[in-house]
Amino acid sequence: MKAILVILFVLIVSGCSTGKNKLTYPLRAGELRVSGTVSVLYDINEEGRTANIRILNSEPKNYFEKSIKQDISKWNFAKNEPRKDVRLDVEYRLD
């Protein structure tokens, strides 16, 4: 439950989304009961799509990077409101 609240808070703080922007817990990390954090930067283009997604930091390595990039690449935001270097810090935690 706490993980959902953390992710929801991060989404609210990170920008005006259309409400469909979600993050999923990576299957492998869930199966192995691995928690961690990821810091990401991304841009929002004129069409409201994310672009230039880059991982700043991920601990532990190789558990969350691929999943978060795939999730963010599907996000949509308001059109005609481009932004650069939107930062997102996510804590993945299993309780």
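Observations on the model:
- Taking the numbered list (1) in a helix (DSSP H, G or I); (2) surrounded by fewer than 17 Cβ atoms within 10 Å (Cβ to Cβ); (3) not acidic (D, E) in turn, N52 passes all entries but (1).
- Residue selected from segment 38-49 under the condition of a type outside the set (S, T, Y) and farther than 19 Å from R93 by Cα, by the criterion surrounded by the most Cβ atoms within 10 Å (Cβ to Cβ): I44
- Once segment 44-95 is narrowed to residues that are aliphatic (A, V, I, L, M) and in contact (Cβ under 8 Å) with a residue 60 or more places away in the chain, the residue that is nearest to V34 (Cα to Cα) is L94.
- Looking across segment 72-95, just one residue is of a type in the set (F, W, Y), under 11 Å from the mean Cα position of the chain (by Cα) and assigned to a strand (DSSP E or B), and that is Y92.
- Exactly one residue out of K22, K66, K61 is at pLDDT below 95 and loosely packed, with under 14 Cβ neighbours inside 10 Å, and it is K22.
- Taking the listed residues S35, S17, the one that is modelled with pLDDT of 95 or more, surrounded by 13 or more Cβ atoms within 10 Å (Cβ to Cβ) and of a type in the set (G, A, S) is S35, with no other qualifying.
- Pair list, Cβ under 8 Å, 6 or more apart: segment 23-41 residue over 24 Å from A51 (Cβ atoms) and in contact (Cβ under 8 Å) with a residue 60 or more places away in the chain, other residue aliphatic (A, V, I, L, M) and surrounded by 15 or more Cβ atoms within 10 Å (Cβ to Cβ): Y25/A3
The values are calculated or read from the model by the stated rules, or taken from the named source; none is laboratory data. A quick note: this is a predicted structure, and the numbers were derived from the prediction, not measured. Glycine gets a Cβ as well: all are built from the backbone with ideal geometry, and neighbour counts include every protein chain shown.
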